[in-house]
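Undergrad: The following block contains the structure, expressed as structure tokens.
The values are calculated or read from the model by the stated rules, or taken from the named source; none is laboratory data. This structure is a prediction, so every number in the text was calculated from the model and none was measured. Reconstructed Cβ throughout: ideal geometry from the backbone, glycine too, with neighbour counts over all protein chains shown. When the accessible area is computed, the model is the full protein with side chains, heavy atoms only, and any ligands, DNA or RNA have been set aside. Shrake-Rupley method; radii C 1.70, N 1.55, O 1.52, S 1.80 Å.
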Amino acid sequence: MKQSAIYLDHAAAAPLLPAARDALVAALELAGNPSSVHGHGRKLRNLIEAARDQVARLAGAERRQVVFTGSATEAITQAIVGGARAFAASAVLVSAGEHTAVLKAAASTGLPVRAIGLRPDGQIDLDQLAAQLAQADAANETLLVALHWVNNETGVVQPVSRINALVGPTRHTLFIDAAQAFGKLPLDFAASAPDMMAVGGHKIGAPAGVGALLVKSHADEVRLIPGGGQEQGRRGGTEAAALIAAFGAAASAFPELYAAADTSALVSRLENGLNRLGAGVVVFGADRVGSITNFAIPGMASATTMMALDLMGLSVSSGSACSSGKVSSSHVLTAMGVAPELASCALRVSLGWNSSAAEVDALLGAIETILQRHRAKQEHAA
């Protein structure tokens with residue numbers, strides 16, 4: 001019997017927060033252009049600037065360091081493509097586990113792209129990072145280093161403080177993709193080493209279609225869309241005031257709701273329940289953010305399991321949602337050394353501000369049912 005729909009894919013997009021919905025609707029009622037100097041324009045401008053304060057507060061940034069964009073992907077592309085040009089980079093350095101948005105932006109610069117491997121626990125190999133920096137220094141090269149804070153597939157938290165210590169004192173440029181860390185881990189952009197950082201609205205309960213690039217003052221010339229001088233000349237195009245207002249409201253409301261949901265306890269409940277099924281469950285990655293678990297039940301292909309769960313009213317994923325809806329092998333798990341036959345069974349469950357123990361238990365019950373069917377088929381085939 002199909003259950004009422006249960007959404008367990010917050011890492012793809014968090015459900016819209018009530019506060020964000022209210023801010024969005026209220027802003028949509030207003031006419032005008034935020035760049036206009038008349039009263040209608042000033043009302044929209046005030047909404048944008050209030051949201052800039054709210055996003056800056058959650059990111060530990062100064063308000064003028066917040067540049068609103070159309071998405072985290074746009075912010076990533078501006079940082080990498082615009083940054084490579086502005087800082088005259090010789091090459092782009094990424095990790096093998098970066099989000100597709102980072103990898104494609106790096107490739108589009110036309111510069112050599114060098115990759116750092118992942119360890120089996122999912123963290124970036126810092127020895128390789130140090131070696132790459134040393135090699136670049138010896139060759140008198142300038143690198144644009146683009147690394148993620150929290151992996152979108154496994155939830156593994158990267159050792160950002162150590163990355164900062166390695167790259168920060170150098171002449172190389174450091175960009176951090178913080179889309180999955182924003183609102184979940186403490187960010188202190190203004191006082192930390194990264195020159196640029198990207199965040200997105202739909203990961204914290206704002207509508208899709210809005211993000212931000214955080215930039216230090218020396219990176220103000222990093223541009224992608226010149227336009228008409230909006231965002232202090234750092235990102236052209238009339239601002240989507242309603243989306244930005246919703247982003248600001250989400251930035252204010254999300255942390256408290258996320259903390260109250262206690263996703264770490266819910267993930268532990270899920271993983272303990274999976275282990276009790278006795279199916280040899282493998283959980284990928286260590287030192288993970290509290291809201292994401294990526295696991296495999298050997299022999300149960302992720303595509304088949306996802307479809308079965310969907311028919312039972314539960315939405316999970318097999319990794320990144322940014323693959324045009326396709327289920328394909330994970331480059332992240334491959335970089336961690338996971339065998340292809342096990343990686344093909346991987347499922348990502350990501351929880352958030354409105355997740356509950358009842359939803360976790362419903363998922364466990366559904367997986368147990370699917371596992372029983374799988375075992376019955378195996379016995380019949382034997």
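Undergrad: List the number of the failed condition for Ala198; all other conditions in (1) within 20 Å of Ser108 (Cβ to Cβ); (2) modelled with pLDDT of 95 or more; (3) part of a loop (DSSP other than H, G, I, E, B) hold.
TA: Result: Ala198 fails condition (3) only.
Undergrad: Can Ala89 be described as more than 19 Å from the chain's Cα centre (by Cα), more than 25 Å from Ala11 (Cα to Cα) and in a loop (DSSP other than H, G, I, E, B)?
TA: Criteria met by Ala89.
Undergrad: So, in the stretch 1-13, of the ones that are of a type outside the set (Gly, Ala, Ser) and at pLDDT 95 or above, which residue ends up most open to solvent (accessible area, probe 1.4 Å)?
TA: Tyr7
Undergrad: When you go through (1) under 18 Å from Thr100 (Cβ atoms); (2) more than 16 Å from the chain's Cα centre (by Cα) one by one for Ala181, which number turns out not to apply?
TA: (2)
Yes/no per residue for (1) among the small types (Gly, Ala, Ser); (2) touching a Lys or Arg at 6+ places or on another chain (Cβ under 7 Å); (3) closer than 26 Å to Lys104 by Cβ:
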| position | (1), (2), (3) |
| --- | --- |
| Phe182 | no, yes, yes |
| Leu187 | no, no, yes |
| Pro194 | no, no, yes |
| Gly229 | yes, no, no |
| Ala240 | yes, no, yes |
| Gly273 | yes, no, no |
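Undergrad: Further, regarding this structure: For the stretch 133-149, name all the residues that are open to solvent by less than 10 Å² (accessible area, probe 1.4 Å) and polar (S, T, N, Q).
TA: none
Undergrad: So which residues in the stretch 14-51 are among the small types (Gly, Ala, Ser), assigned to a helix (DSSP H, G or I) and surrounded by fewer than 20 Cβ atoms within 10 Å (Cβ to Cβ), if there are any at all?
TA: If the condition is that a residue be among the small types (Gly, Ala, Ser), assigned to a helix (DSSP H, G or I) and surrounded by fewer than 20 Cβ atoms within 10 Å (Cβ to Cβ), then Ala19, Ala26, Gly39, Gly41, Ala50 are the ones that fit.
Undergrad: Open to solvent by 30 Å² or more (accessible area, probe 1.4 Å) and modelled with pLDDT of 95 or more, is that true of Glu98?
TA: no
Undergrad: Of the numbered conditions (1) crowded, with 22+ Cβ neighbours inside 10 Å; (2) in contact with a Gly (Cβ under 7 Å, 6 or more places away or on another chain), Gln180 fails exactly one; give the number of that condition.
TA: Condition not satisfied by Gln180: (2).
Undergrad: Taking the stretch 125-181 only, how many residues are assigned to a strand (DSSP E or B) and of a type in the set (Gly, Ala, Ser)?
TA: 1
Undergrad: Something else now. Any residue at all in the stretch 217-228 that is surrounded by 24 or more Cβ atoms within 10 Å (Cβ to Cβ) and under 27 Å from Leu24 (Cβ atoms)?
TA: no
Undergrad: Is at least one residue of the stretch 69-85 within 30 Å of Leu144 (Cα to Cα), in contact with an Asp or Glu (Cβ under 6 Å, 6 or more places away or on another chain), open to solvent by less than 40 Å² (accessible area, probe 1.4 Å) and of a type in the set (Gly, Ala, Ser)?
TA: So far as the stretch 69-85 goes, no, none of its residues is within 30 Å of Leu144 (Cα to Cα), in contact with an Asp or Glu (Cβ under 6 Å, 6 or more places away or on another chain), open to solvent by less than 40 Å² (accessible area, probe 1.4 Å) and of a type in the set (Gly, Ala, Ser).
Undergrad: Would you pick out the residues in the stretch 229-255 that are over 21 Å from Ala27 (Cβ atoms) and charged (D, E, K, R)?
TA: Arg234, the sole residue that qualifies.
Undergrad: A further question follows. Please go through the stretch 161-172 and give me each residue that is under 17 Å from Asp287 (Cβ atoms) and either in contact with a helix residue (DSSP H, G or I) (Cβ under 6 Å, 6 or more places away or on another chain) or in contact (Cβ under 8 Å) with a residue 24 or more places away in the chain (or both), ordered by number.
TA: Passing the criteria: Arg162, Ile163, Asn164.
Undergrad: Answer with yes or no whether Ile244 is in contact (Cβ under 8 Å) with a residue 12 or more places away in the chain, of a type in the set (Val, Ile, Thr) and touching a helix residue (DSSP H, G or I) at 6+ places or on another chain (Cβ under 6 Å).
TA: yes
Undergrad: With the requirement that a residue be surrounded by fewer than 17 Cβ atoms within 10 Å (Cβ to Cβ) and more than 17 Å from Val281 (Cβ to Cβ), what does the stretch 355-372 give you?
TA: Result: Ser356, Ala357, Ala358.
Undergrad: Going through the stretch 328-354 one residue at a time, which ones are open to solvent by 10 Å² or more (accessible area, probe 1.4 Å), part of a helix (DSSP H, G or I) and aliphatic (A, V, I, L, M)?
TA: Ala335, Leu342, Ala343
Undergrad: A follow-up question, please. In the stretch 1-13, what count of residues is obtained for those that are among the hydrophobic types (A, V, I, L, M, F, W, C) and either over 27 Å from Asn151 (Cα atoms) or assigned to a helix (DSSP H, G or I) (or both)?
TA: Result for the stretch 1-13: 1.
Undergrad: Let me ask something else about it. On the given criteria, is Gly205 of a type outside the set (Phe, Trp, Tyr), buried (at least 23 other Cβ atoms within 10 Å of the Cβ) and either over 16 Å from His99 (Cβ atoms) or more than 13 Å from the chain's Cα centre (by Cα) (or both)?
TA: yes
Undergrad: Evaluate the following for Pro194: is it open to solvent by less than 10 Å² (accessible area, probe 1.4 Å) and either under 18 Å from the mean Cα position of the chain (by Cα) or among the hydrophobic types (A, V, I, L, M, F, W, C) (or both)?
TA: For Pro194, the condition - open to solvent by less than 10 Å² (accessible area, probe 1.4 Å) and either under 18 Å from the mean Cα position of the chain (by Cα) or among the hydrophobic types (A, V, I, L, M, F, W, C) (or both) - is met.
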